[in-house]
Amino acid sequence: MRFADPGLLFFLALPVAAGLLLLAGIQLRRSALLRLGSPRTVAGQLERPSPYLRAARGLALVLALAGLVLAAARPQYGGRIQLLKKRGIDLVVALDFSKSMLAEDIRPNRLERAKLELNELIDMLTGDRIGLVAFAGDTMRFPLTNDYAAAKTFWRGIGPYDMPVGGTAIGKALIAATRMLRPEDPSATAGQEERSKVLILITDGEDHLGDPAAAAREAAGKGIAIHVVGIGSSSPELIPRYLDDGTAMGYQKDSGDKYVTTALTAENEDKLKDIARLGGGRYYRAGSDFAGMAAVVREIRTMKQSEIEARQITVYEEVFQWFLAPAVALLLLAFALPERVWWRRRR
(Lines give C-alpha, C1' and ligand atoms only; values in the text may rest on other atoms or scores of the structure.)
Protein backbone atom coordinates (compact mmCIF):
# COMPACT_ATOMS: atom_id res chain seq x y z
CA MET A 1 0.00 0.00 0.00
CA ARG A 2 1.14 3.54 -0.71
CA PHE A 3 -0.18 7.06 -0.12
CA ALA A 4 -0.55 9.61 -2.92
CA ASP A 5 -0.22 12.51 -0.45
CA PRO A 6 2.11 11.13 2.24
CA GLY A 7 2.74 14.62 3.64
CA LEU A 8 -0.73 14.57 5.20
CA LEU A 9 0.27 11.64 7.38
CA PHE A 10 1.98 14.24 9.58
CA PHE A 11 -1.47 15.08 10.89
CA LEU A 12 -1.70 11.61 12.47
CA ALA A 13 0.04 13.36 15.35
CA LEU A 14 -3.32 14.97 16.17
CA PRO A 15 -5.25 11.76 17.01
CA VAL A 16 -2.16 10.42 18.80
CA ALA A 17 -2.03 13.57 20.94
CA ALA A 18 -5.79 13.37 21.53
CA GLY A 19 -5.46 9.74 22.61
CA LEU A 20 -2.72 10.62 25.06
CA LEU A 21 -4.84 13.46 26.48
CA LEU A 22 -7.77 11.07 26.84
CA LEU A 23 -5.67 8.58 28.79
CA ALA A 24 -4.24 11.37 30.95
CA GLY A 25 -7.75 12.67 31.70
CA ILE A 26 -8.97 9.24 32.72
CA GLN A 27 -5.99 8.78 35.02
CA LEU A 28 -6.45 12.22 36.60
CA ARG A 29 -10.13 11.54 37.19
CA ARG A 30 -9.36 8.23 38.82
CA SER A 31 -6.77 9.83 41.09
CA ALA A 32 -9.24 12.52 42.16
CA LEU A 33 -11.88 9.90 43.08
CA LEU A 34 -9.37 7.95 45.12
CA ARG A 35 -8.69 11.02 47.23
CA LEU A 36 -12.40 11.30 48.02
CA GLY A 37 -12.65 7.76 49.36
CA SER A 38 -13.55 4.29 48.18
CA PRO A 39 -14.24 4.34 44.44
CA ARG A 40 -17.35 2.14 44.87
CA THR A 41 -18.76 4.41 47.62
CA VAL A 42 -18.00 7.62 45.73
CA ALA A 43 -19.47 6.23 42.54
CA GLY A 44 -22.70 5.41 44.33
CA GLN A 45 -23.03 8.90 45.76
CA LEU A 46 -22.13 10.99 42.70
CA GLU A 47 -24.33 11.63 39.68
CA ARG A 48 -21.71 11.82 36.97
CA PRO A 49 -21.29 10.62 33.42
CA SER A 50 -20.29 7.01 33.05
CA PRO A 51 -16.47 6.85 32.75
CA TYR A 52 -16.73 3.88 30.40
CA LEU A 53 -19.11 5.67 28.03
CA ARG A 54 -16.92 8.77 28.07
CA ALA A 55 -13.85 6.64 27.33
CA ALA A 56 -15.69 4.88 24.52
CA ARG A 57 -16.74 8.21 22.99
CA GLY A 58 -13.22 9.59 23.27
CA LEU A 59 -11.72 6.48 21.71
CA ALA A 60 -14.24 6.58 18.87
CA LEU A 61 -13.40 10.23 18.17
CA VAL A 62 -9.64 9.55 18.20
CA LEU A 63 -9.98 6.60 15.81
CA ALA A 64 -12.34 8.57 13.56
CA LEU A 65 -9.84 11.43 13.35
CA ALA A 66 -7.05 8.99 12.47
CA GLY A 67 -9.24 7.42 9.79
CA LEU A 68 -10.03 10.81 8.26
CA VAL A 69 -6.34 11.70 8.10
CA LEU A 70 -5.49 8.39 6.42
CA ALA A 71 -8.34 8.81 3.93
CA ALA A 72 -7.19 12.35 3.11
CA ALA A 73 -3.68 11.03 2.38
CA ARG A 74 -5.24 8.98 -0.47
CA PRO A 75 -4.14 5.41 0.25
CA GLN A 76 -3.58 3.37 -2.91
CA TYR A 77 -3.27 -0.34 -3.48
CA GLY A 78 -1.87 -2.57 -6.19
CA GLY A 79 -0.41 -0.96 -9.27
CA ARG A 80 -0.56 -1.74 -12.97
CA ILE A 81 1.40 -0.40 -15.91
CA GLN A 82 -0.66 1.65 -18.34
CA LEU A 83 0.59 2.89 -21.70
CA LEU A 84 -0.55 6.35 -22.63
CA LYS A 85 -1.46 7.13 -26.21
CA LYS A 86 1.47 6.15 -28.40
CA ARG A 87 2.81 9.31 -29.97
CA GLY A 88 5.53 7.80 -32.18
CA ILE A 89 8.24 9.78 -33.93
CA ASP A 90 8.55 12.08 -36.94
CA LEU A 91 10.84 10.61 -39.57
CA VAL A 92 12.04 12.10 -42.85
CA VAL A 93 14.04 10.03 -45.33
CA ALA A 94 16.21 11.92 -47.80
CA LEU A 95 17.11 9.60 -50.70
CA ASP A 96 19.72 10.40 -53.32
CA PHE A 97 18.25 10.30 -56.86
CA SER A 98 21.38 11.36 -58.71
CA LYS A 99 22.44 9.32 -61.76
CA SER A 100 25.30 7.76 -59.83
CA MET A 101 22.67 5.87 -57.80
CA LEU A 102 22.01 3.76 -60.91
CA ALA A 103 25.35 1.98 -60.43
CA GLU A 104 24.88 -1.79 -60.14
CA ASP A 105 27.49 -2.60 -57.52
CA ILE A 106 24.45 -3.31 -55.31
CA ARG A 107 21.75 -5.33 -57.04
CA PRO A 108 19.58 -4.48 -58.86
CA ASN A 109 21.14 -1.03 -58.47
CA ARG A 110 21.80 1.35 -55.60
CA LEU A 111 18.56 3.29 -55.98
CA GLU A 112 16.17 0.38 -56.43
CA ARG A 113 17.72 -1.52 -53.53
CA ALA A 114 17.40 1.56 -51.32
CA LYS A 115 13.71 1.84 -52.26
CA LEU A 116 13.13 -1.81 -51.34
CA GLU A 117 14.81 -1.36 -47.98
CA LEU A 118 12.85 1.81 -47.28
CA ASN A 119 9.60 0.03 -48.03
CA GLU A 120 10.50 -2.46 -45.30
CA LEU A 121 11.32 0.43 -42.97
CA ILE A 122 7.92 1.98 -43.65
CA ASP A 123 6.22 -1.36 -42.98
CA MET A 124 7.58 -1.44 -39.42
CA LEU A 125 6.26 2.03 -38.54
CA THR A 126 3.28 2.25 -36.17
CA GLY A 127 1.94 5.56 -34.96
CA ASP A 128 4.83 7.43 -36.62
CA ARG A 129 4.74 10.07 -39.31
CA ILE A 130 7.05 9.83 -42.30
CA GLY A 131 8.07 12.40 -44.88
CA LEU A 132 10.21 11.88 -47.97
CA VAL A 133 12.76 13.99 -49.81
CA ALA A 134 14.00 12.89 -53.22
CA PHE A 135 17.05 14.91 -54.19
CA ALA A 136 19.63 15.36 -56.90
CA GLY A 137 20.65 18.94 -57.75
CA ASP A 138 17.30 20.03 -56.27
CA THR A 139 14.62 18.40 -54.12
CA MET A 140 11.15 16.93 -54.41
CA ARG A 141 9.18 16.51 -51.20
CA PHE A 142 6.36 14.41 -49.78
CA PRO A 143 5.03 15.91 -46.50
CA LEU A 144 4.81 14.12 -43.16
CA THR A 145 1.96 11.62 -43.13
CA ASN A 146 0.59 8.51 -41.47
CA ASP A 147 -0.55 7.25 -44.88
CA TYR A 148 2.23 4.76 -45.47
CA ALA A 149 0.79 3.46 -48.73
CA ALA A 150 0.84 6.96 -50.20
CA ALA A 151 4.43 7.43 -49.03
CA LYS A 152 5.50 4.27 -50.84
CA THR A 153 3.73 5.39 -54.00
CA PHE A 154 5.53 8.76 -54.00
CA TRP A 155 8.85 7.54 -55.28
CA ARG A 156 7.84 4.22 -56.77
CA GLY A 157 7.90 5.64 -60.28
CA ILE A 158 10.55 8.33 -59.77
CA GLY A 159 14.04 7.91 -61.20
CA PRO A 160 17.12 10.07 -61.67
CA TYR A 161 15.90 11.21 -65.10
CA ASP A 162 12.75 12.64 -63.51
CA MET A 163 14.66 15.04 -61.30
CA PRO A 164 14.44 18.66 -62.51
CA VAL A 165 18.12 19.42 -61.83
CA GLY A 166 21.04 17.02 -62.12
CA GLY A 167 23.94 16.70 -59.74
CA THR A 168 23.94 15.96 -56.01
CA ALA A 169 23.07 18.59 -53.39
CA ILE A 170 23.14 16.94 -49.96
CA GLY A 171 22.99 20.33 -48.23
CA LYS A 172 19.74 21.21 -49.97
CA ALA A 173 18.28 17.82 -49.03
CA LEU A 174 19.14 18.33 -45.36
CA ILE A 175 17.64 21.82 -45.36
CA ALA A 176 14.44 20.57 -47.02
CA ALA A 177 14.11 17.74 -44.50
CA THR A 178 14.75 20.13 -41.60
CA ARG A 179 12.00 22.46 -42.84
CA MET A 180 9.60 19.52 -42.92
CA LEU A 181 10.43 18.44 -39.38
CA ARG A 182 10.70 21.98 -37.98
CA PRO A 183 8.57 24.34 -40.09
CA GLU A 184 9.70 27.96 -40.06
CA ASP A 185 6.09 29.02 -39.44
CA PRO A 186 5.34 28.20 -35.75
CA SER A 187 1.60 28.12 -36.44
CA ALA A 188 2.13 25.04 -38.63
CA THR A 189 2.80 22.92 -35.52
CA ALA A 190 0.67 24.83 -33.00
CA GLY A 191 -1.29 22.48 -30.75
CA GLN A 192 0.64 19.39 -31.84
CA GLU A 193 2.39 17.21 -29.26
CA GLU A 194 6.16 17.09 -29.34
CA ARG A 195 7.72 14.06 -31.00
CA SER A 196 11.28 12.90 -31.52
CA LYS A 197 12.63 14.09 -34.88
CA VAL A 198 14.77 11.81 -37.03
CA LEU A 199 16.34 12.36 -40.44
CA ILE A 200 17.79 9.47 -42.46
CA LEU A 201 20.08 10.44 -45.33
CA ILE A 202 20.84 7.75 -47.93
CA THR A 203 23.43 8.70 -50.52
CA ASP A 204 26.57 7.55 -52.31
CA GLY A 205 28.32 10.64 -50.95
CA GLU A 206 29.13 12.43 -54.19
CA ASP A 207 28.22 15.95 -53.18
CA HIS A 208 28.67 18.71 -55.71
CA LEU A 209 26.54 21.55 -54.35
CA GLY A 210 25.76 23.28 -51.04
CA ASP A 211 27.22 23.07 -47.54
CA PRO A 212 25.98 19.84 -45.91
CA ALA A 213 27.99 20.40 -42.72
CA ALA A 214 26.26 23.72 -42.02
CA ALA A 215 22.87 22.14 -42.79
CA ALA A 216 23.63 19.28 -40.38
CA ARG A 217 24.53 21.73 -37.61
CA GLU A 218 21.29 23.64 -38.19
CA ALA A 219 19.24 20.44 -37.97
CA ALA A 220 20.99 19.33 -34.79
CA GLY A 221 20.36 22.76 -33.27
CA LYS A 222 16.64 22.14 -33.80
CA GLY A 223 16.68 18.79 -32.05
CA ILE A 224 16.83 16.61 -35.16
CA ALA A 225 18.99 13.48 -35.11
CA ILE A 226 20.63 12.67 -38.45
CA HIS A 227 21.54 9.11 -39.36
CA VAL A 228 23.50 8.64 -42.58
CA VAL A 229 23.66 5.54 -44.76
CA GLY A 230 26.52 5.50 -47.25
CA ILE A 231 25.70 3.31 -50.22
CA GLY A 232 28.10 1.95 -52.84
CA SER A 233 31.45 0.21 -53.17
CA SER A 234 34.85 1.81 -52.77
CA SER A 235 35.97 0.69 -56.23
CA PRO A 236 34.94 2.69 -59.32
CA GLU A 237 31.67 1.57 -60.94
CA LEU A 238 30.24 2.48 -64.31
CA ILE A 239 26.91 4.30 -64.39
CA PRO A 240 24.28 2.83 -66.73
CA ARG A 241 22.53 5.12 -69.19
CA TYR A 242 18.83 4.81 -70.09
CA LEU A 243 16.52 6.24 -72.69
CA ASP A 244 13.26 7.91 -71.71
CA ASP A 245 11.40 4.62 -72.22
CA GLY A 246 13.76 2.81 -69.83
CA THR A 247 15.84 1.07 -72.48
CA ALA A 248 19.48 0.59 -71.43
CA MET A 249 21.93 2.38 -73.70
CA GLY A 250 25.38 1.57 -72.41
CA TYR A 251 27.05 3.73 -69.80
CA GLN A 252 27.35 7.38 -68.94
CA LYS A 253 30.15 9.36 -70.61
CA ASP A 254 31.47 12.84 -69.95
CA SER A 255 31.97 15.62 -72.46
CA GLY A 256 35.31 14.10 -73.41
CA ASP A 257 33.63 10.82 -74.35
CA LYS A 258 35.15 9.05 -71.36
CA TYR A 259 33.16 6.72 -69.14
CA VAL A 260 31.96 8.24 -65.88
CA THR A 261 32.51 6.15 -62.76
CA THR A 262 31.25 6.43 -59.22
CA ALA A 263 32.61 5.16 -55.92
CA LEU A 264 32.04 5.72 -52.22
CA THR A 265 35.59 6.89 -51.67
CA ALA A 266 37.25 7.30 -48.30
CA GLU A 267 37.05 11.08 -48.74
CA ASN A 268 33.32 11.00 -49.47
CA GLU A 269 32.74 8.60 -46.60
CA ASP A 270 34.56 10.94 -44.22
CA LYS A 271 32.20 13.75 -45.29
CA LEU A 272 29.19 11.56 -44.57
CA LYS A 273 30.58 10.62 -41.16
CA ASP A 274 30.99 14.31 -40.39
CA ILE A 275 27.33 14.93 -41.29
CA ALA A 276 26.23 12.16 -38.90
CA ARG A 277 28.52 13.45 -36.15
CA LEU A 278 27.37 17.04 -36.52
CA GLY A 279 23.76 15.82 -36.63
CA GLY A 280 24.08 13.86 -33.40
CA GLY A 281 23.42 10.56 -35.15
CA ARG A 282 25.36 7.63 -36.58
CA TYR A 283 26.92 6.65 -39.86
CA TYR A 284 26.25 3.25 -41.45
CA ARG A 285 27.85 1.67 -44.48
CA ALA A 286 25.40 -0.17 -46.75
CA GLY A 287 27.28 -3.04 -48.34
CA SER A 288 25.98 -5.49 -50.90
CA ASP A 289 23.71 -7.02 -48.23
CA PHE A 290 22.48 -3.55 -47.17
CA ALA A 291 23.24 -4.37 -43.53
CA GLY A 292 23.65 -0.66 -42.82
CA MET A 293 19.95 -0.10 -43.42
CA ALA A 294 19.14 -2.91 -40.99
CA ALA A 295 21.22 -1.10 -38.37
CA VAL A 296 19.19 2.07 -38.97
CA VAL A 297 15.98 0.09 -38.48
CA ARG A 298 17.29 -1.21 -35.15
CA GLU A 299 18.16 2.34 -34.12
CA ILE A 300 14.64 3.53 -34.97
CA ARG A 301 13.14 0.66 -33.01
CA THR A 302 15.29 1.54 -29.99
CA MET A 303 14.14 5.15 -30.20
CA LYS A 304 10.51 4.06 -30.49
CA GLN A 305 10.89 1.83 -27.42
CA SER A 306 12.30 4.78 -25.48
CA GLU A 307 9.28 6.84 -26.53
CA ILE A 308 6.93 4.08 -25.38
CA GLU A 309 8.66 3.63 -22.03
CA ALA A 310 8.55 7.38 -21.48
CA ARG A 311 4.77 7.23 -21.90
CA GLN A 312 4.21 4.40 -19.41
CA ILE A 313 2.65 5.20 -16.06
CA THR A 314 1.80 3.11 -13.02
CA VAL A 315 -1.88 3.27 -12.10
CA TYR A 316 -2.93 2.49 -8.52
CA GLU A 317 -6.40 1.73 -7.17
CA GLU A 318 -7.72 4.35 -4.77
CA VAL A 319 -8.79 2.74 -1.46
CA PHE A 320 -9.49 5.82 0.68
CA GLN A 321 -12.97 4.42 1.35
CA TRP A 322 -11.38 1.68 3.45
CA PHE A 323 -10.58 4.37 6.02
CA LEU A 324 -13.29 6.93 5.33
CA ALA A 325 -16.27 4.61 5.91
CA PRO A 326 -15.08 3.37 9.35
CA ALA A 327 -14.18 6.95 10.33
CA VAL A 328 -17.69 8.15 9.53
CA ALA A 329 -19.19 5.20 11.41
CA LEU A 330 -17.04 5.96 14.47
CA LEU A 331 -18.07 9.62 14.36
CA LEU A 332 -21.74 8.63 14.33
CA LEU A 333 -21.12 6.20 17.18
CA ALA A 334 -19.36 8.87 19.24
CA PHE A 335 -22.30 11.26 18.92
CA ALA A 336 -24.86 8.49 19.48
CA LEU A 337 -23.37 7.19 22.74
CA PRO A 338 -25.09 8.72 25.85
CA GLU A 339 -23.06 10.25 28.63
CA ARG A 340 -24.90 8.35 31.37
CA VAL A 341 -26.48 4.96 31.69
CA TRP A 342 -30.25 5.20 32.09
CA TRP A 343 -30.42 2.43 34.66
CA ARG A 344 -28.80 2.26 38.04
CA ARG A 345 -28.49 -0.62 40.40
CA ARG A 346 -30.78 0.06 43.34
CA ARG A 347 -29.67 -1.12 46.80
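The values are calculated or read from the model by the stated rules, or taken from the named source; none is laboratory data. Bear in mind that the values here come from a model prediction, so they are computed numbers and not experimental data. A quick note on method: Cβ atoms are made from the backbone with ideal geometry, for glycine too, and the neighbour counts reach across all protein chains shown.
Got a number for residues in the stretch 199-223 being over 14 Å from Thr168 (Cβ atoms), surrounded by fewer than 24 Cβ atoms within 10 Å (Cβ to Cβ) and in contact (Cβ under 8 Å) with a residue 12 or more places away in the chain?
Total satisfying the criteria: 7.
At pLDDT 85 or above and in a helix (DSSP H, G or I), is that true of Leu132?
In short, no.
Residues to consider are Ile122, Ile81; find the one that is surrounded by fewer than 20 Cβ atoms within 10 Å (Cβ to Cβ), modelled with pLDDT under 85, touching a strand residue (DSSP E or B) at 6+ places or on another chain (Cβ under 7 Å) and farther than 18 Å from Ala173 by Cβ.
The match here is Ile81.
For the list (1) closer than 29 Å to Arg113 by Cα; (2) of a type in the set (D, E, K, R); (3) modelled with pLDDT under 75, I need the number of the one condition that Arg285 fails.
It fails just one condition, (3).
Taking the conditions exactly as written (among the aliphatic types (A, V, I, L, M) and at pLDDT below 90), does Val165 satisfy them or not?
Numbers: among the aliphatic types (A, V, I, L, M): yes; at pLDDT below 90: yes.
Yes.
Give the number of residues within the stretch 147-188 that are part of a loop (DSSP other than H, G, I, E, B), touching a Ser or Thr at 6+ places or on another chain (Cβ under 9 Å) and among the basic types (Lys, Arg).
Final tally of qualifying residues: 1.
Yes or no: the stretch 230-245 includes at least one residue that is surrounded by 18 or more Cβ atoms within 10 Å (Cβ to Cβ), under 24 Å from the mean Cα position of the chain (by Cα) and either of a type in the set (A, V, I, L, M) or at pLDDT 95 or above (or both).
Looking through the stretch 230-245, none of the residues is surrounded by 18 or more Cβ atoms within 10 Å (Cβ to Cβ), under 24 Å from the mean Cα position of the chain (by Cα) and either of a type in the set (A, V, I, L, M) or at pLDDT 95 or above (or both).
Which condition does Ala325 not pass, out of (1) closer than 30 Å to Ala60 by Cα; (2) more than 40 Å from the chain's Cα centre (by Cα); (3) modelled with pLDDT of 75 or more, if it passes all the others?
Evaluating Ala325 over (1) closer than 30 Å to Ala60 by Cα; (2) more than 40 Å from the chain's Cα centre (by Cα); (3) modelled with pLDDT of 75 or more leaves (2) as the failure.
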